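For reference, the structure discussed in these notes is given below.
Nothing in this text is a laboratory measurement; each read-out follows from the coordinates by a stated rule. Please read all numbers here as calculations on a predicted model, not as lab measurements. All Cβ positions, even for glycine, are placed from backbone atoms using ideal geometry, and neighbour counts span all protein chains on display.
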Amino acid sequence: MIEFYNDESVAMPRLHKSIVRAWIKQVAELHGKTVGNLCYQFCDDERILEVNRQFLQHDYYTDIITFDETKCDRIGGDMIISLETVGSNAEMVGVEFADELHRVIIHGVLHLCGYGDKTPEDEQRMRQLEDEALGLLRALLADKPMLK
């Protein structure tokens with residue numbers, strides 16, 4: 001089951017939820033995994049900072065925090081996404097908010113599939129996998145925009 005929630009402080013992104021769910025499952029399967037329970041929680045910067053401090057002892061903003069509950073080849077977990085940081089990052093790298101949001105959504109899935117991003121080599125591989133996954137999403141969306 002793949003669920004999407006939002007804190008009261010942010011509006012729920014207008015995702016094509018059924019397509020995004022199919023996309024997540026497709027990407028997981030490409031990496032030899034099946035999808036169990038995934039929960040995406042959209043929030044603001046203050047909430048993600050609070051979570052980062054409480055659970056990871058990090059004192060900074062980030063776009064996503066992934067809590068891994070994967071068992072064997074069945075991925076699962078909770079992902080907290082700051083829509084404010086996603087927006088800031090999109091502006092900084094010169095991409096549309098919708099593209100960056102979907103990149104972050106699949107970034108969490110790729111972590112659950114076992115990919116890291118702590119070394120320059122791992123980060124480069126992660127970006128490549130994200131780009132490939134975004135290509136799959138565009139094919140699934142056909143002529144639809146990334147967000148409704």
What does the helix-only formula give at 222 nm for the chain: each DSSP H stretch with n ≥ 4 adding -39500 (n - 2.57), the total divided by the residues, and the result rounded to the nearest 500 deg cm²/dmol?
-16500 deg cm²/dmol
Rounded to the nearest 20 Debye, what is the dipole magnitude of the chain about its Cα centre when Lys and Arg each give +1 and Asp and Glu each give -1 at the C-beta?
720
On full extension of the chain, what length is gained from S18 through L30, given 0.36 nm per residue of separation minus the C-alpha to C-alpha distance?
2.5 nm
Sorted from fewest to most neighbouring beta carbons within 10 Å, what does the list M12, M79, M92 look like?
M92, M12, M79
Whole-Hz couplings from phi, Karplus 6.51/-1.76/1.60, listed for the range 44-51; x for Gly and Pro:
9, 4, 5, 5, 5, 5, 4, 5
Taking neighbour Cβ counts within 10 Å as the exposure measure, how do S18, S9 sort from fewest upward?
S18, S9
With labels modelled as points extended 7 Å from the Cα through the Cβ direction, what inter-label distance (nm, one decimal) is found for R125 paired with Y5?
3.3
Filter the chymotrypsin sites (Phe, Trp or Tyr not before Pro) in the range 57-87 down to the DSSP loop ones having no more than 11 other Cβ atoms within 10 Å, then list what survives.
Y60
In the range 7-98, the GluC sites (Glu not before Pro) that sit in a DSSP loop and have at most 11 other Cβ atoms within 10 Å of their own Cβ are E8
Looks like the chain, by Cα gyration tensor root eigenvalues a ≥ b ≥ c and the a/c under 1.5 rounded cutoff (else prolate when a/b is bigger than b/c, oblate otherwise), is rounded
Please arrange L110, L134, L38, L147 by counting, for each residue, the other beta carbons lying within 10 Å of its beta carbon, fewest first.
L147, L134, L110, L38
Sequence gap at least 6, Cα distance under 8 Å: using those rules, report the relative contact order of the chain to the nearest whole percent.
24
Measure out, as a whole number of angstrom, how far apart the alpha-carbon centroids of the range 88-122 and the range 67-86 sit.
12
Placing each pseudo-label 7 Å from Cα in the direction of the beta carbon, Q57 and R138 end up separated by a distance in nanometres of 4.3
